[in-house]
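Beneath this line is the structure, given in structure tokens, with notes to follow.
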Amino acid sequence: MQEKKVFYITTPIYYPSDNLHIGHAYTTVAADCIARFKRMQGYEVYYLTGTDEHGQKIEKTAREKGMDASDYVDGIVKGIRELWETMLISNNDFIRTTEPRHKEVVQKVFQRLFEQGDIFLSQYEGWYCTPCETFFTQRQLIDGKCPDCAREVELLKEESYFFNMAKYAPRLLEHIAQNPDFIQPESRRNEIINFIKSGLDDLCVSRTTFNWGIKVPFNEKHVVYVWVDALLNYLSAIGYLADEEKFNHYWPANVHLMAKDIVRFHAIIWPILLMALDLPLPQKVCAHGWIMLEGGKMSKSKGNVVDPGILVGRYGVDAVRYYLVKELTFGQDGYYSEEMLVSRINSDLANDLGNLLSRTVAMITRYFEGAIPAPGVLESVDNDLMKTAQLVYRDASEKLEKLDFAGYIISSLKLVSRANKYIDETEPWLLAKDENKKERLATVMYNLAESIRIAIILLSPAMPTILERANRQIGVFGDISRVTWDEAGQWGLCPAGSKVKKEAALFPRIDLKTLETTENVQQDKKEAVKPELKASEGPDEKYISIDDFARMDLRIAEVIACEKMEKADKLLILRLKVGAEERTVVSGIAKHYSPQELIGKKLVLLANLKPTKLRGVMSQGMILAASGGEELEVLMLDKDIPSGSQVR
Ligand code: MSP
């Protein structure tokens with residue numbers, strides 16, 4: 001039977017409580033990359049994104065702005081749609097949870113689950129974190145605050161509907177065991193398995209304390225819990241209960257992509273809801289890491305967000321997308337900085353890729369009057385280049401299949417580097433001096449054009465305008481809308497005789513010194529709205545304010561491993577557990593402590609110090625120590641305070 005070539009991929013639907021930042025853009029661009037890759041492979045792709053518009057937080061934000069929730073979200077959603085257009089996101093649909101097509105599905109599903117006994121009415125008491133839209137038990141709180149975002153929580157008591165999750169836990173565990181790819185990466189999978197095994201409480205699936213939501217159809221006092229409402233977007237968008245043919249065509253989803261913050265909702269609540277509805281489960285729930293800024297995770301409330309629209313305006317859409325796709329090592333967090341963005345553009349795109357193209361175009365223009373010559377006999381260096389192209393094609397395809405975005409870019413770039421090295425090895429400028437070597441020169445030029453053709457195809461899902469821009473200079477792609485992924489796997493498709501033409505650089509070099517950085521721009525904006533200081537509030541050199549102190553994120557960290565750094569007699573490398581997170585810190589205390597003395601100890605860590613490389617190791621924070629004369633003592637704790645706790 002022929003494989004059904006349909007591919008359904010989703011991003012989370014984002015909260016339109018404020019404008020989105022590069023963290024959201026990361027997921028959306030990464031998913032777009034897969035959507036474009038699959039289309040190039042001949043799949044009929046349905047790429048869905050959208051907005052999650054209900055809930056207490058949005059209601060509150062709108063009220064604070066003196067607006068109606070629905071007017072408020074309309075404005076933000078308009079900006080989000082424009083942002084995705086600017087970033088050339090090729091989504092096939094954009095779902096809003098306020099749309100009738102979605103509301104109807106949510107109400108029908110709720111009704112069905114109630115009628116079949118999965119949902120029942122009871123009393124709820126718990127701590128609610130409004131920004132996270134999540135309830136916690138007393139036990140789950142850290143320092144009386146939300147364990148996820150460390151903000152204030154409020155005690156809520158209400159009559160609520162509940163969903164019996166435990167009933168489905170054994171089936172879910174079995175599904176996870178039988179489908180090792182269901183939750184990616186593996187670290188998340190293990191985390192989810194442990195969570196399920198620790199026992200699933202009944203899930204509270206309705207609220208009576210606010211109105212901005214979808215009403216429970218048989219009890220209008222209640223609105224549906226925003227996560228149940230939101231998750232169902234993956235069904236309502238493709239016609240569940242409305243257009244059976246469309247729904248059966250696309251469901252089950254191939255990939256739900258998101259960051260690790262919401263993987264539990266997607267890997268536990270979502271499959272359980274689907275089981276209760278007798279629907280097949282999605283193929284893959286994949287969670288990438290976070291893009292962090294110096295001060296920790298980017299968040300609107302911290303005011304440290306980076307606007308992707310500004311970056312696109314400054315560096316161009318291909319370059320920003322390229323940077324994002326390459327930024328996060330599979331499953332891990334990464335740090336954003338504008339310097340890094342510029343350095344990647346300059347080294348990978350302007351130097352390596354851009355120069356390869358411009359040098360090749362210049363040589364073909366000079367030596368062959370601008371027409372790509374036919375190749376002659378191949379030598380071993382040519383075969384090596386060809387082999388690299390084939391290996392890179394296979395590896396980049398595999399990495400994309402596995403959603404290893406950075407791996408895919410790194411792999412594609414290997415062909416670009418190999419081709420640049422090939423120029424040095426074959427020395428075409430010397431061949432050009434000898435009329436007898438014309439055929440050899442022709443072969444070299446052809447092979448270069450061929451490598452460029454393949455590299456550009458491979459990079460095009462990440463950089464959607466690159467095919468068209470390169471085609472203007474090296475016209476080997478023909479009708480760019482028909483270029484397939486397969487073509488990158490075949491050597492020799494470049495039609496001899498195709499014309500080349502010199503144009504402006506694909507990626508001009510950027511001089512960071514002449515740029516105002518985004519951080520500066522945002523700082524300027526903040527300065528502009530800062531009210532003037534009153535005399536009594538003026539700066540006082542001697543004191544810092546409590547706010548200054550609060551900017552330091554001091555945490556308890558447990559040493560789980562420690563070793564001496566090679567060839568550095570003062571440095572130790574410590575592996576620390578800080579709550580659920582692990583960090584590496586390099587510290588100059590090797591003269592005072594042996595690694596064994598520190599393992600198992602609890603120390604104080606300045607967790608939001610800008611990460612820096614020390615002797616090649618990235619140090620993510622600083623541990624505190626007291627020093628007097630020759631003596632040095634690391635601050636340690638006697639009582640059993642859990643790691644991750646705040647120090648104030
Ligand atoms: N509305 C829910 C999702 C419901 S899906 C049924 C939600 N919205 S959100 O606006 O908070 O978006 C969270 C998602 O945005 C993350 O899972 C991730 O995809 C993306 N990111 C937000 N900040 C991010 C970073 N700093 N880094 C990487 N991704 C980030 O949760």
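The values are calculated or read from the model by the stated rules, or taken from the named source; none is laboratory data. Values in this document were obtained by computation on a predicted structure and should not be read as measured data. Here Cβ is always computed from backbone atoms with ideal geometry, including for glycine, and neighbour counts include all displayed protein chains. Just so you know, the surface numbers come from the protein's heavy atoms only, side chains and all, with ligands and any DNA or RNA stripped out. Shrake-Rupley method; radii C 1.70, N 1.55, O 1.52, S 1.80 Å.
The selection criterion, being closer than 19 Å to residue 83 by Cβ, surrounded by fewer than 21 Cβ atoms within 10 Å (Cβ to Cβ) and within 14 Å of the ligand (Cβ to nearest atom), does not hold for residue 333.
Yes or no, residue by residue, for (1) away from the ligand (no atom under 16 Å from the Cβ); (2) of a type in the set (D, E, K, R):
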residue	(1), (2)
135	no, no
145	yes, yes
156	yes, no
165	yes, no
169	yes, no
172	yes, no
179	yes, no
196	yes, no
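The residues in the stretch 379-409 that are open to solvent by 70 Å² or more (accessible area, probe 1.4 Å) and of a type in the set (A, V, I, L, M) can be counted, and the count is 1. Within the stretch 274-299, being under 18 Å from residue 182 (Cβ atoms), open to solvent by 10 Å² or more (accessible area, probe 1.4 Å) and within 12 Å of the ligand (Cβ to nearest atom) holds for one residue alone: 288.
Once the stretch 232-273 is narrowed to residues that are among the β-branched types (Val, Ile, Thr) and under 20 Å from the mean Cα position of the chain (by Cα), the residue that is farthest from the ligand (Cβ to nearest atom) is 255. Scanning the stretch 426-445 finds no residues that are open to solvent by 30 Å² or more (accessible area, probe 1.4 Å) and under 30 Å from the mean Cα position of the chain (by Cα).
Would you please name the residue that is surrounded by the fewest Cβ atoms within 10 Å (Cβ to Cβ), looking only at residues in the stretch 93-116 that are in contact with a helix residue (DSSP H, G or I) (Cβ under 8 Å, 6 or more places away or on another chain) and closer than 30 Å to residue 463 by Cβ? Filtering first and then ranking leaves 94.
Look at (1) open to solvent by 10 Å² or more (accessible area, probe 1.4 Å); (2) within 14 Å of the ligand (Cβ to nearest atom) and you find that residue 215 fails only one, number (2). Looking at 604, 559, just one residue is under 25 Å from residue 289 (Cβ atoms) and open to solvent by less than 40 Å² (accessible area, probe 1.4 Å), and that residue is 559.
Of these, 601, 570, which one is basic (Lys, Arg) and modelled with pLDDT under 90? Of 601, 570, the one residue that is basic (Lys, Arg) and modelled with pLDDT under 90 is 570.
For residue 205, are the conditions met, namely being within 16 Å of the ligand (Cβ to nearest atom), within 27 Å of residue 29 (Cα to Cα), of a type in the set (A, V, I, L, M) and in contact with a helix residue (DSSP H, G or I) (Cβ under 8 Å, 6 or more places away or on another chain)? Judged against the criteria, residue 205 is not a match. Of the residues making up the stretch 51-59, one or more are within 24 Å of residue 291 (Cα to Cα), buried (at least 22 other Cβ atoms within 10 Å of the Cβ) and hydroxyl-bearing (Ser, Thr, Tyr). Condition check for residue 130 on (1) open to solvent by 70 Å² or more (accessible area, probe 1.4 Å); (2) in contact with a helix residue (DSSP H, G or I) (Cβ under 7 Å, 6 or more places away or on another chain); (3) closer than 25 Å to residue 15 by Cβ: one failure, at (1). Residue 228 satisfies every condition listed in (1) modelled with pLDDT of 95 or more; (2) away from the ligand (no atom under 15 Å from the Cβ); (3) crowded, with 24+ Cβ neighbours inside 10 Å except (2). Filter the stretch 390-429 for residues that are in a helix (DSSP H, G or I) and acidic (Asp, Glu) and give the result. Selection gives 395, 398, 401, 424, 425.
Restricted to the stretch 410-425, and to residues there that are of a type in the set (A, V, I, L, M, F, W, C) and surrounded by 23 or more Cβ atoms within 10 Å (Cβ to Cβ), the residue that is farthest from residue 333 (Cα to Cα) is 419.
Just one of (1) on the phi < 0 side of the Ramachandran plot; (2) within 14 Å of the ligand (Cβ to nearest atom) fails for residue 55. It is (1).
Okay, residues lined up against (1) buried (at least 19 other Cβ atoms within 10 Å of the Cβ); (2) touching a strand residue (DSSP E or B) at 6+ places or on another chain (Cβ under 7 Å); (3) in contact (Cβ under 8 Å) with a residue 12 or more places away in the chain; (4) not in a strand (DSSP E or B):
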| site | (1), (2), (3), (4) |
| --- | --- |
| 192 | yes, yes, yes, yes |
| 221 | no, no, yes, no |
| 242 | no, no, yes, yes |
| 252 | no, no, yes, yes |
| 271 | yes, no, yes, yes |
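So, residue 120, is that one out of contact with any Phe, Trp or Tyr (no Cβ under 7 Å at 6 or more places or on another chain) and assigned to a strand (DSSP E or B) or not? The answer is no for residue 120. Taken residue by residue, the stretch 9-30 has at least one member that is more than 11 Å from the ligand (Cβ to nearest atom), closer than 15 Å to residue 255 by Cβ and out of contact with any Pro (no Cβ under 6 Å at 6 or more places or on another chain). Find the residue count for the stretch 348-386, including only residues that are closer than 17 Å to residue 432 by Cβ, charged (D, E, K, R) and in a helix (DSSP H, G or I). Within the stretch 348-386, residues that are closer than 17 Å to residue 432 by Cβ, charged (D, E, K, R) and in a helix (DSSP H, G or I) number 2. Among the residues of the stretch 443-501, the ones that are touching a residue at least 12 places away in the same chain (Cβ under 8 Å) and not in a loop (DSSP other than H, G, I, E, B) come to 33 in all.
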